[in-house]
1. Could you check, for region A:193-205, whether at least one of its residues is over 19 Å from A:Phe151 (Cα atoms), open to solvent by 40 Å² or more (accessible area, probe 1.4 Å) and more than 14 Å from chain B (Cβ to nearest Cβ)?
2. In region A:36-55, what residues are within 16 Å of ligand 2 (Cβ to nearest atom) and among the hydroxyl-bearing types (Ser, Thr, Tyr)?
3. Going by the structure shown, is A:Met150 farther than 18 Å from A:Ala90 by Cβ, within 11 Å of another protein chain (Cβ to nearest Cβ) and in contact (Cβ under 8 Å) with a residue 60 or more places away in the chain?
4. Can A:Arg45 be described as more than 7 Å from ligand 1 (Cβ to nearest atom) and crowded, with 20+ Cβ neighbours inside 10 Å?
5. For residues that are over 15 Å from B:Leu222 (Cβ atoms) and open to solvent by less than 10 Å² (accessible area, probe 1.4 Å), tally how many sit in region B:98-114.
6. Please find, within region A:215-239, the residue that is nearest to ligand 2 (Cβ to nearest atom) out of those that are outside any helix (DSSP H, G or I) and open to solvent by 30 Å² or more (accessible area, probe 1.4 Å).
7. Testing A:Leu28 on (1) more than 16 Å from A:Ile75 (Cα to Cα); (2) open to solvent by 10 Å² or more (accessible area, probe 1.4 Å), one condition comes back false. Which one is that?
8. What are the residues in region A:81-109 that are under 29 Å from the mean Cα position of the chain (by Cα) and more than 9 Å from chain B (Cβ to nearest Cβ), if any?
Amino acid sequence: MIELEGLTKRYGDKVAVDNLTFSVGPGLVTGFLGPNGAGKSTTMRMILGLDHPTAGDVRIDGRHYDRLKDPLTCIGALLDAKGVHGGRSAYNHLLCLAQSNGIPRSRVAQVLETVGLTAVARKKAKGFSLGMGQRLGIAGALLGDPRILMFDEPVNGLDPEGIHWIRTLMKSLAAQGRTVFVSSHLMSEMALTADHLVVIGQGRLLADTSMADFIQANSRSYVRIRCPQRERLLDVLHQAGITVVEAGGEALEVAGGKAEQIGELAARYGLVLHELSPRQASLEEAFMQLTAEAVEYHAQPGPGPGPQDWGAGWKGA
Amino acid sequence: MSTHQPPMPQAPAAAPHWQAAPGGPYPGYTSPIPIVRTHLGHALASEWTKIKSVRSTMWTLGVFTVLVVGIGLMAGALVESHSDSESLSGENPLSFGFFGLLLGSICIITLGVLTTASEYGTGMIRTTMTACPSRARVLAAKSIVFFTVAFVVTLLTSGFVAMVQVSMLENTGARTPSGSDWFKATVGISLYIALLGLLSLLIGSVIRHSAGAITIMIGVLLAPLVLALFMATESLSNVRDWLFEYSIPNQLSVFYANSLSESGPSGWDPLWIILGLTAAVYAGAYALLHSRDV
Ligand SMILES: Nc1ncnc2c1ncn2[C@@H]1O[C@H](COP(=O)(O)OP(=O)(O)O)[C@@H](O)[C@H]1O
Ligand SMILES: [Mg+2]
């Protein structure tokens with residue numbers, strides 16, 4: 001269990017993390033989503049006690065990170081920057097980590113096997129590809145067989161096979177009852193792995209919701225229409241009480257799954273349709289819209305919904 | 001109003017409960033790996049593996065040994081071949097180890113700086129601090145391991161050179177070194193050089209940049225002497241003398257009781273000076289390490 005309360009980090013004038021309150025529970029993969037620069041890595045560094053919060057508090061199973069007596073068996077983390085001395089072999093890198101926490105030496109070989117680096121265990125880490133470096137970082141996170149795992153953008157630099165592997169790994173770790181907290185700037189990635197979603201933008205909490213609810217709230221369906229007799233079609237739809245939105249180009253959009261009704265109306269009035277396609281707004285679009293609103297709110301301070309309310313909108317929907 | 005409620009998936013979780021109920025408040029996975037309360041011993045083992053497993057350690061200590069032994073033996077041979085039975089009358093034969101150790105100290109400085117600063121360059125420091133959240137313990141473990149390695153290596157090489165030189169210079173009229181001469185020229189100077197290395201390690205931790213910290217430390221090593229050489233005017237003579245007497249090379253030479261100057265530090269003074277300086281810098285480096293972000 002990771003619990004954040006009013007967590008805030010300022011670098012000079014720049015507010016990197018702004019009053020974050022949420023918790024990450026066991027047995028689930030919790031996705032931590034936000035565009036680049038949203039403050040995900042900074043939040044994770046504060047969870048690990050590497051950066052000092054400007055305000056607020058964060059606890060691991062009820063304790064501050066620096067009060068943990070067995071940090072690596074409690075929480076394992078993969079950070080965004082490579083935390084490896086390139087001159088050291090993969091084996092020795094993991095060995096010095098294991099020794100620092102009194103973890104049996106046999107675990108080193110086990111985790112190297114798990115991440116598929118056994119063959120290059122004695123090779124220097126600086127010769128590793130991005131993906132191999134990522135696997136070494138994951139091996140370090142798994143070393144203590146911890147009950148909490150935290151991964152900062154783990155799929156970066158991995159090939160498709162590696163991406164599939166890490167998704168499966170995260171799900172199986174959560175299925176064993178562990179807390180899994182993983183960050184990404186890609187909604188599509190989160191949609192595939194996460195059970196729960198925490199979205200931040202500009203350091204502020206935008207949503208804290210289950211993945212199922214997020215999908216339900218955001219999988220907006222609509223019908224896209226193109227018609228050479230555009231004005232007449234607009235009249236017809238208006239009379240039928242159907243609201244039309246002008247999309248880019250000459251296309252029109254109608255919310256909901258009304259394709260049949262529109263097709264029948266067009267036939268009745270003898271209108272030619274060049275396109276009549278039912279569509280689903282992607283979660284990526286929903287995510288972009290959510291974070292874009294945060295940017296707008298940031299740019300024009302004044303009366304209006306606060307960041308918590310944005311979150312509430314998604315929660316309640 | 002029916003019992004139907006709108007879905008509020010995360011609402012209960014929004015208010016964390018710091019004071020959890022007793023008896024497994026944080027459910028979840030339990031590892032078969034035994035939980036160990038970590039202590040300084042674990043950090044020492046880890047740092048020992050680290051220092052052993054990078055090539056820069058082998059390089060710096062290898063070059064150090066070559067310099068100390070090579071220059072020491074060359075100096076001994078050169079002096080011996082140009083002397084008759086009276087030329088070194090009454091002098092301390094151990095003092096010819098000075099030149100090798102002066103140059104060799106640059107290697108120890110480099111290794112000291114790399115022990116801390118290279119972790120910042122590579123990002124390893126974040127892994128280190130995650131594995132051991134006590135920053136005091138990390139700094140202590142690094143310091144103890146490095147100091148021990150530097151001391152033992154300097155003691156072995158300087159001791160070897162001293163023994164060879166004394167036997168080489170037996171027939172040049174040099175006096176037989178006393179036990180105290182031996183002790184200062186081996187244990188004393190090794191403590192001094194290991195502390196100089198430790199000072200470098202601390203500067204590396206403060207500066208967090210290898211090249212920058214090495215440059216600063218070589219400046220500390222050589223600049224006072226070089227500055228003193230250029231202070232020709234009489235009005236600056238006090239400053240010049242002070243710089244000269246307290247320069248690290250002159251302090252090193254005090255361990256052979258042949259200080260380059262008459263006044264200034266003598267006896268064991270240099271050791272107390274560097275001990276005090278290192279302790280003060282240690283306190284500062286720890287305070288900074290504690291307060292800064294990693
Ligand atoms: N050490 C630092 N000094 C100054 N600004 C920083 C520092 N670390 C992060 N930032 C700033 O804080 C913001 C959040 O960064 P980060 O946490 O890395 O975002 P993310 O991981 O979501 O991409 C960015 O605008 C970044 O420039
Ligand atoms: Mg990041």
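The values are calculated or read from the model by the stated rules, or taken from the named source; none is laboratory data. Remember, it's a predicted structure, so these values are computed and weren't measured experimentally. Heads up, the Cβs are rebuilt from the backbone with ideal geometry, glycines too, and the neighbour counts pull from every protein chain shown. Remember, those area values only see protein heavy atoms, side chains included, never the ligands or the DNA or RNA. Shrake-Rupley method; radii C 1.70, N 1.55, O 1.52, S 1.80 Å.
1. Yes, region A:193-205 contains a residue that is over 19 Å from A:Phe151 (Cα atoms), open to solvent by 40 Å² or more (accessible area, probe 1.4 Å) and more than 14 Å from chain B (Cβ to nearest Cβ).
2. First, the residues of region A:36-55 that are within 16 Å of ligand 2 (Cβ to nearest atom): A:36-48, A:50-51.
The answer is A:Ser41, A:Thr42, A:Thr43.
3. Working: farther than 18 Å from A:Ala90 by Cβ: yes; within 11 Å of another protein chain (Cβ to nearest Cβ): yes; in contact (Cβ under 8 Å) with a residue 60 or more places away in the chain: yes.
Criteria met by A:Met150.
4. On the way: more than 7 Å from ligand 1 (Cβ to nearest atom): yes; crowded, with 20+ Cβ neighbours inside 10 Å: yes.
Yes, satisfied.
5. Total meeting the criteria: 4.
6. First, pick out the residues of region A:215-239 that are outside any helix (DSSP H, G or I): A:219-229.
If we keep only those that are open to solvent by 30 Å² or more (accessible area, probe 1.4 Å) as well, we get A:219-221, A:224, A:226, A:228-229.
Numbers: A:Ser219: 27, A:Arg220: 29, A:Ser221: 33, A:Arg224: 35, A:Arg226: 41, A:Pro228: 48, A:Gln229: 50 Å.
Per the stated criteria, the residue is A:Ser219.
7. (1)
8. Within region A:81-109, A:Ala90, A:Leu94 qualify.
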